[in-house]
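First comes the structure, then the notes that go with it.
The values are calculated or read from the model by the stated rules, or taken from the named source; none is laboratory data. Quick caveat, the model's predicted, so the values are computed rather than measured. Cβ placement follows ideal geometry from the backbone for every residue including glycine, while neighbour counts extend to all protein chains displayed.
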Amino acid sequence: MTQDQQPDRSSLEARVEELEASLAQSNGKLSQREAEVAELRKQLEISRLVTGTLIHDLRNPLSIILTYLAFCQDILPKDEGSSDFPSKMGEYLGEVYSATNHMHDIMTHLYNLMDPKWGVMLFDTDIYNYIIKPGVSRSGLDVRYYPETLPTDQDTVYADQFIARRVFDNLLKNAADHGGDNPVITVGHRINKGRPELYVRNTGSYIAEADRRKVFNLEVRRPESEGLGLGLNLCKRYAELMGGYLRADSSGQPSDGNMQNAWAEFSLGFPLP
Ligand SMILES: Nc1ncnc2c1ncn2[C@@H]1O[C@H](COP(=O)(O)OP(=O)(O)OP(=O)(O)O)[C@@H](O)[C@H]1O
Ligand SMILES: [Mg+2]
């Protein structure tokens, strides 16, 4: 090696040291990332375990309750009788049966949603017959359709029926719970900016512009609400999981607490096929 090559060698050694230091740093970052990924995997596993346990351990007793409710209904006298008791009992058991059946159904759908084989299932869906009509009937609410011809319309949307039903049920319940004393509840569907939307509107409540996004946050709920403040957050996440959206609109800001012109409306936008 010549005298001239000497400085080159020491600069190469310095470069190698530099590279080794940078490699050690990258390795450090990599193991940190690996630890983070391992932690996320663990949390995902716990979530799946908790959800799986909830579904499994609730669905099984619900099946038992359904079987025994059916037995009870079988042994109840069918005729009205002199007392009101047997027929009322049948009516109440019927209500308990359909609420239990609804829970059982939800557990089955949640399980399908969790299963990578099924997941979100988008189909052409008759919006009136598969979403609006059963939802309104389950809610027991007096609901207006807009336009009035809606029940005979055969409009289809591209939707995951489980998700659309869950969102619609929640919106109807909110309209009844948060919509003033005797809210007029209107439901309908329309095309907005090229996207099919299902909307639920109620009179008697106003959501200030600044709150229209916040109502979807977990921590927001009316202080007097008996609920958890969780419904809208779940609905928005469900809507987005399906490739759709959920939006709040409102108008008729009350002055002096006069709610006469106030209304709030929530729209579920469906994905395009
Ligand atoms: N139709 C509505 N009109 C006015 N405010 C509403 C309406 N729907 C929801 N909100 C407001 O948004 C908040 C959050 O709604 P969300 O459905 O998430 O919770 P909740 O109904 O209070 O409880 P739950 O978790 O049982 O649904 C409500 O507490 C209420 O303040
Ligand atoms: Mg709610």
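Numbers at a glance
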read-out: Those residues of segment 239-262 which are assigned to a strand (DSSP E or B) and under 18 Å from Asn174 (Cβ atoms), in sequence order; value: Tyr245, Leu246, Arg247, Ala248, Asp249, Ser250, Ser251
read-out: Candidate set: segment 247-261, residues that are within 11 Å of ligand 1 (Cβ to nearest atom) and at pLDDT 95 or above; chosen: the one surrounded by the fewest Cβ atoms within 10 Å (Cβ to Cβ); value: Asp249
read-out: Which numbered condition Asp177 fails, given (1) among the charged types (D, E, K, R); (2) farther than 26 Å from Ser63 by Cβ; (3) assigned to a helix (DSSP H, G or I); (4) more than 16 Å from ligand 1 (Cβ to nearest atom); value: (4)
read-out: Test: residue in segment 161-177 that is out of contact with any His (no Cβ under 9 Å at 6 or more places or on another chain), surrounded by 14 or more Cβ atoms within 10 Å (Cβ to Cβ) and over 25 Å from Pro271 (Cβ atoms); value: yes
read-out: Failed item, numbered, when Glu224 is tested on (1) within 12 Å of ligand 1 (Cβ to nearest atom); (2) surrounded by 15 or more Cβ atoms within 10 Å (Cβ to Cβ); value: (2)
read-out: Residues of segment 113-128 that turn out to be closer than 28 Å to Thr67 by Cα and surrounded by fewer than 16 Cβ atoms within 10 Å (Cβ to Cβ), as a count; value: 3
read-out: Checking Leu66 against (1) of a type in the set (A, V, I, L, M); (2) touching a residue at least 60 places away in the same chain (Cβ under 8 Å); (3) in contact with a His (Cβ under 8 Å, 6 or more places away or on another chain), the condition it does not meet; value: (2)
read-out: Lone qualifier among Glu197, Glu240, Glu209 - being of a type outside the set (Gly, Ala, Ser), farther than 17 Å from Gly269 by Cβ, away from ligand 1 (no atom under 11 Å from the Cβ) and touching a strand residue (DSSP E or B) at 6+ places or on another chain (Cβ under 9 Å); value: Glu209
read-out: Cβ pairs under 6 Å, 6+ apart, first in segment 239-254 and in contact (Cβ under 8 Å) with a residue 40 or more places away in the chain and at negative phi, second in a strand (DSSP E or B) and among the hydroxyl-bearing types (Ser, Thr, Tyr); value: Ala239/Tyr245
read-out: Ser139, sole failed condition from (1) within 28 Å of Gly257 (Cα to Cα); (2) within 16 Å of ligand 2 (Cβ to nearest atom); value: (1)
read-out: Qualifying position, being closer than 21 Å to Tyr146 by Cα, away from ligand 2 (no atom under 16 Å from the Cβ) and touching a Pro at 6+ places or on another chain (Cβ under 9 Å), among Ala164, Ala262; value: Ala262
read-out: Residue among Pro271, Pro183 that alone is surrounded by 15 or more Cβ atoms within 10 Å (Cβ to Cβ) and under 20 Å from the mean Cα position of the chain (by Cα); value: Pro271
